[in-house]
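Bear in mind that the values in this text are calculations on the coordinates, not laboratory data. Given the structure is predicted, the values throughout are model-derived calculations rather than measurements. Glycine gets a Cβ as well: all are built from the backbone with ideal geometry, and neighbour counts include every protein chain shown.
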Amino acid sequence: MCVAQAYFARVNRITIAVDGFSSCGKSTLAKQLAGHLGYTYIDSGAMYRAVALYVMENGLVKDGKLDREGLLRVMDGIDIRFQHDPLANKSVTTLNGRNVEERIRSMEVSNHVTLVSPVPEVRAKLVKLQQAFGREKGVVMDGRDIGTVVFPDAEVKLYMTARPEVRAQRRYQELKGKGAEVEYASVLENIRQRDLDDTTRKADPLTKAPDAFEIDNSDITAEEQFVKALDIVLEVLARVGQE
Ligand code: DC
């Protein structure tokens, strides 16, 4: 990106929504874009994961079922934020003041998150928070409903896809790299289940916004994907600059 483009991005701050299936490389792309443009990156999935961790830790899951009424009673007491961790030099998710960044990435949390993500009251609370994070613009947010529900007026909407087997392989390698004891088959199963849950839930299901640009990254590298996405963003920024 040249100096003039970087200047444009800072003066004409826009909102970039990155939606798509799980383990599609959304966060990698969103972080790259935010880093290049000097924007704030927000991981909306981390917020759903934090609520899942909360219900797991507070006895609100019994025999694999969510105690929905119990959750609704304590919802106001669930405080989710993103804070800068000076030691790691990165933003981390906090749940009621505790750094839960590592914990929310576990398979256990991944398996519980679809208990809480379809609950309309959970979505309403988190969407409100997400909209507040984006009020100042200059934000790149990734999730499932960012371009459709959270920021329907986002200037750039990207919709990411990749074949489930490709996503499972990437996720499996990532988990293995962290020393987790996992089987490829269970990772693939988890991805298929989450795809189904994400696209069929009643509240804010994953759908492609009509004005979103679709990027299938099954057969391209992260770098190629970034170049594609940055081209789209720069084109929009040039247009916004002329308005
Ligand atoms: O992006 P992720 O895999 O970390 O998201 C975790 C879960 O949260 C996933 O199962 C879908 C859900 N989610 C959602 O329902 N809406 C969002 N905006 C982001 C994530």
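Look at the dipole of the range 1-107 built from charges on Cβ: of Ser23, Val74, Thr93, the Cα furthest out on the positive end belongs to Ser23. Helical runs assigned H by DSSP (4 residues or longer) give the chain a calculated mean residue ellipticity at 222 nm of -15500 deg cm²/dmol, each run adding -39500 (n - 2.57) before division by the residue total. Residues whose amide H lies under 5 Å from that of Gly138, counting only those 5 or more places away or on a different chain, are Ile14, Thr15; hydrogens are built 1.01 Å from N in the peptide plane.
Centroid-to-centroid, using Cα positions, the range 135-174 and the range 97-129 are 16 Å apart.
In the chain, the DSSP beta bridges split such that about 35 percent are antiparallel, to the nearest 5.
Among Val236, Thr221, Pro205, which residue has its Cα positioned farthest towards the positive end of the charge dipole of the range 204-243, with +1 placed on the Cβ of Lys and Arg, -1 on the Cβ of Asp and Glu, and the dipole taken about the Cα centre? Working it through, the farthest residue towards the positive pole turns out to be Val236. In this simple spin-label approximation, Lys176 and Leu72 carry label points 7 Å from Cα along the Cα→Cβ vector, and these lie 4.5 nm apart. Simple spin-label estimate for Arg163 and Val11 gives 4.6 nm between the two label positions (7 Å along the Cα-to-Cβ direction from each Cα). Total lysine pairs in the chain at Cα distances under 16 Å, for residues eight or more apart or on different chains: 11. Over 23 Å, how big is the tail of the calculated P(r) for the chain, in percent of all Cα pairs? Considering the chain, 50 percent of its Cα-Cα pairs are separated by more than 23 Å. Placing a pseudo-label 7 Å from each Cα along the Cα-to-Cβ vector at Ile220 and Ala238 gives an inter-label distance of 1.8 nm. If you bin all the Cα-Cα distances of the range 81-139 at 5 Å, starting from zero, the percentages per bin are 4, 15, 16, 25, 24, 13, 4, 0.
Starting with the highest mean, order 199-212, 115-128, 78-91 by the number of other Cβ atoms within 10 Å, averaged over the residues of each peptide.
Per-residue mean Cβ counts within 10 Å order the peptides as 115-128, 199-212, 78-91.
3J(HN,Hα) along the range 141-149: 10, 10, x, 10, 10, 6, x, 9, 10 Hz, from the Karplus curve 6.51 cos²θ - 1.76 cosθ + 1.60 with θ = phi - 60°, whole Hz, x for Gly and Pro.
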